[in-house]
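Student: The structure's right below; bear with me while I get my questions together.
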């Protein structure tokens, strides 16, 4: 062989060797300086003891694992001996892929501990792990934890899979399996900051599944953390599907801060249930307990909360979070989750209770707290849209607790739900919160808001005559419902009565336990049907033998119907032994028809502040106002409508004021209706009340089948009520049932051992006020001088108020978007006694209309409110001058806070520079000659004539 050919031969040989080395060196392992073509080969070397101690595995090129599984055994198993393993990409975007045999994982952590797979997502490095096998065979997955794998971390990776089996079948993109040992499960593993998705268009039915050993709790999979992942495009066309699901042998998982979304429309071909989070095992020895499910976002079409999570087709069902755990186990916390921007339309889905086709949070079993969750939206409409076509009964539920264990629900916000049953007659019920626990455990609901800030926030469009919207309901549990808000519920249908009314704010329907309903606010409940016999009720109540219904505010319940059997009820009493005290009820405004018919002893139709149909009750210190001007109809209205004849019932220290005035209607408007046939009816106590009905169609009362014209005739007919009154109570306004300083109600009541009033103020012990408000004017150390508002150049609202104060502690500036529900914005301390001015800027002021008021609180806890300031961002700062012409002082209003105005004469000579610090101020014109002047600035020029 010549020298030339020898040289060429060795050159080609060295090139081939070098190329082969480069092709095979996709994985670098240290210590030991090993290079391998696949992760499978690298793991085999570690299992064989080639690399020991603290091992690093660098993915320096893409690997194709083929049909084999990369199995990493536990340290101490065979020759394997390592303290930790860190796997990460190096030199760019890296891909570990394979098409494993169906039923197998791509990566198998078989008892492996202290392994970290970190995709980095930094410096141009990233890691994708993808099993391309599309299979429903049990065991198919991308990453599996098995055999007691503990303390492992998978973070910053993209993990794709295409397992297509149902939720009850083992498998998923990430699968926590059985431990195979008796000492521990696959515990304390972390899945964080990953993108967990599909293989192209092949969607997995489960992103993450846990199904561990079930012999004892100790060997179940516990302490798993799934945090801050994007979990998306998981769906089963014909089978159940979930983003995260657990079956047996899993407990104390933390599922936190993840985002569940669908980047495209998902279409069922046969009916199945689709959930984002599905925790499901009730076996006492190994079932679900002590989970933490917090901070997750379910909905939208992206991880940035844009677009809509869209589902359609067949009879599929969507339930965002399901928890079905151990009875009496450790409490699970389902808190601070958001479920929004979800559409389930074009389906024929139906189902009631836990089979509801559209459900936010379902607690099927176990102890679970559900607090601070947002379902839908409080500031927009139609965040959750459900449209179906079915003749079957169907429920749509925000939160449903179906467990036999205690239910605690605090500060959840549910709204922007739109439900339509297209051209079908199925009975539909929308529940904001439904509690179906046992009669022996208490349901505590505090500060929940059902319905958003916009009208029609929760709306039903259906044709089923028995359809309903109910804000909060419990048919079983002892209820403690405090400081909840139910608002802006609208239905177009429903002809049921009592508990089946078309719209109900709070429904308590259990006659066995005792209940407490306190400080709830219910308003803007509406039925839009113009002819149906609809019933709209604020609180429908029955209970045991010692119930309290107090300090609730109910107002602006409306119905468009002209039916002679329709009802609008503030509180409808259906049974139980109950004290109703310190409630404020304001109805009638916005009800244009005199619904109902003529009064009879047993009639309940019409507008009723209280509808006292049943029960053994005390009505104490309540304020009821019925207003409005009906233009048509013959129906009656009642501040109190009583139909009882024999039960013990007491009426003391109430204001029953019917100011409804006929404006074309011919019905009668009563302050009081009591059933009875003779004086002193059995069980009745009446005294120290104020009854007043003074407008067109106003009638004092109704007793023994006949109208009663005045107080004297009433006292004669009922045989009691000697110390009651019939005068205008002088409420602050038709929308504020607090008393003015000159009200005759002040110090006119009798001491009934009611410690506080509607606001929590201490009642007078000798001569308390009549009604819900105890107004201690003499102890309120402040005089309001003025309050104004305007916008500044930064589109921020500025509230300015001036007071003459004495011993004031602080001021709370409150904001509202509807003029009814105010929330605290900020608090400022008093400047001290004397005449002082204050200015507060709201940097959160938004487009549209905002309302502001100031609450003053003195050192003894007593307080008053200022007048309400209304600001419109779309029509603000329209500057005006009054009077014009002006002789001395001109008053300028509507200028932007912070603006600089110029007063010039007709030659353009500058006369004054005026810095606007107050939305209304005065300009001295007395020193100028008669003639025309210009006030310019604020993007306006106003002609001012001096006379």
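The values are calculated or read from the model by the stated rules, or taken from the named source; none is laboratory data. Just so you know, these numbers come straight off a predicted model, no measurement behind them. Positions of Cβ are backbone-derived with ideal geometry, glycine not excepted, and every protein chain shown enters the neighbour counts.
Student: Can you pull out the residues in segment 320-371 that are assigned to a strand (DSSP E or B) and under 18 Å from residue 420 (Cα atoms)?
Tutor: 342, 343, 344, 345, 346, 347, 351, 358, 359, 360
Student: Which one of the conditions (1) in a strand (DSSP E or B); (2) under 20 Å from residue 536 (Cβ atoms) does residue 628 fail to meet, given that it meets all the rest?
Tutor: For residue 628, the failing item is (1).
Student: Something else now. What is the one condition in (1) assigned to a loop (DSSP other than H, G, I, E, B); (2) under 27 Å from the mean Cα position of the chain (by Cα) that residue 596 does not satisfy?
Tutor: (2)
Student: Restricting attention to strands (runs of 3 or more DSSP E) lying wholly within segment 1-101, give those where 3 or more residues are more than 48 Å from the chain's Cα centre (by Cα) and modelled with pLDDT of 95 or more.
Tutor: 27-30, 34-36, 53-59
Student: Here is a follow-up. Being farther than 22 Å from residue 648 by Cβ, at pLDDT 95 or above and over 31 Å from the mean Cα position of the chain (by Cα), is that true of even one residue in segment 612-623?
Tutor: No: zero hits.
Student: Further question on the same structure: Considering only segment 640-666, state which residues are farther than 14 Å from residue 627 by Cβ and crowded, with 24+ Cβ neighbours inside 10 Å.
Tutor: 640, 641, 642, 651, 653, 654, listed by residue number.
Student: Could I ask something else about it? Going through segment 37-48 one residue at a time, which ones are out of contact with any helix residue (DSSP H, G or I) (no Cβ under 7 Å at 6 or more places or on another chain) and surrounded by 14 or more Cβ atoms within 10 Å (Cβ to Cβ)?
Tutor: Listed by number, the residues that qualify are 38, 39, 40, 41, 42, 43, 44, 45, 46, 47.
Student: Same structure, new question: Are any residues in segment 276-292 outside any loop (DSSP other than H, G, I, E, B) and closer than 21 Å to residue 356 by Cα, and if so, which ones?
Tutor: 276, 277, 278, 279, 280
Student: Looking only at residues that are in contact with a strand residue (DSSP E or B) (Cβ under 6 Å, 6 or more places away or on another chain) and more than 27 Å from residue 305 (Cβ to Cβ) in segment 256-285, which one is modelled with the highest pLDDT?
Tutor: 280
Student: Could you tell me which residue of segment 845-873 is surrounded by the fewest Cβ atoms within 10 Å (Cβ to Cβ), considering only residues that are touching a strand residue (DSSP E or B) at 6+ places or on another chain (Cβ under 8 Å) and at pLDDT below 70?
Tutor: Going through the qualifying residues, I end up with 848.
Student: Any chance segment 270-286 includes a residue that's free of Cβ contacts under 8 Å to residues at least 40 places away in the same chain, closer than 23 Å to residue 148 by Cα and out of contact with any helix residue (DSSP H, G or I) (no Cβ under 9 Å at 6 or more places or on another chain)?
Tutor: no
Student: Pairs needed: first member in segment 681-692, on the phi < 0 side of the Ramachandran plot and in a loop (DSSP other than H, G, I, E, B); second member anywhere, buried (at least 16 other Cβ atoms within 10 Å of the Cβ) and at pLDDT 95 or above; C-beta distance under 6 Å; at least 6 residues apart or different chains.
Tutor: From segment 681-692, the pairs are 689/651; 689/654; 689/724.
Student: Could you check how many residues of segment 565-612 are touching a residue at least 60 places away in the same chain (Cβ under 8 Å), surrounded by fewer than 24 Cβ atoms within 10 Å (Cβ to Cβ), farther than 20 Å from residue 629 by Cβ and out of contact with any strand residue (DSSP E or B) (no Cβ under 6 Å at 6 or more places or on another chain)?
Tutor: Counting residues in segment 565-612 that are touching a residue at least 60 places away in the same chain (Cβ under 8 Å), surrounded by fewer than 24 Cβ atoms within 10 Å (Cβ to Cβ), farther than 20 Å from residue 629 by Cβ and out of contact with any strand residue (DSSP E or B) (no Cβ under 6 Å at 6 or more places or on another chain) gives 3.
Student: Consider residue 737 carefully, then state whether it is in a strand (DSSP E or B) and under 22 Å from residue 518 (Cβ atoms).
Tutor: Considered against the rule, which asks whether it is in a strand (DSSP E or B) and under 22 Å from residue 518 (Cβ atoms), residue 737 comes out as yes.
Student: When both residues are 6+ apart or on different chains and their Cβ atoms are under 7 Å apart, which pairs have a first residue that lies in segment 699-728 and is without any contact (Cβ under 8 Å) to a residue 24 or more places away in the chain, and a second that is surrounded by 14 or more Cβ atoms within 10 Å (Cβ to Cβ) and part of a loop (DSSP other than H, G, I, E, B)?
Tutor: 710/726; 711/724; 711/726; 715/721
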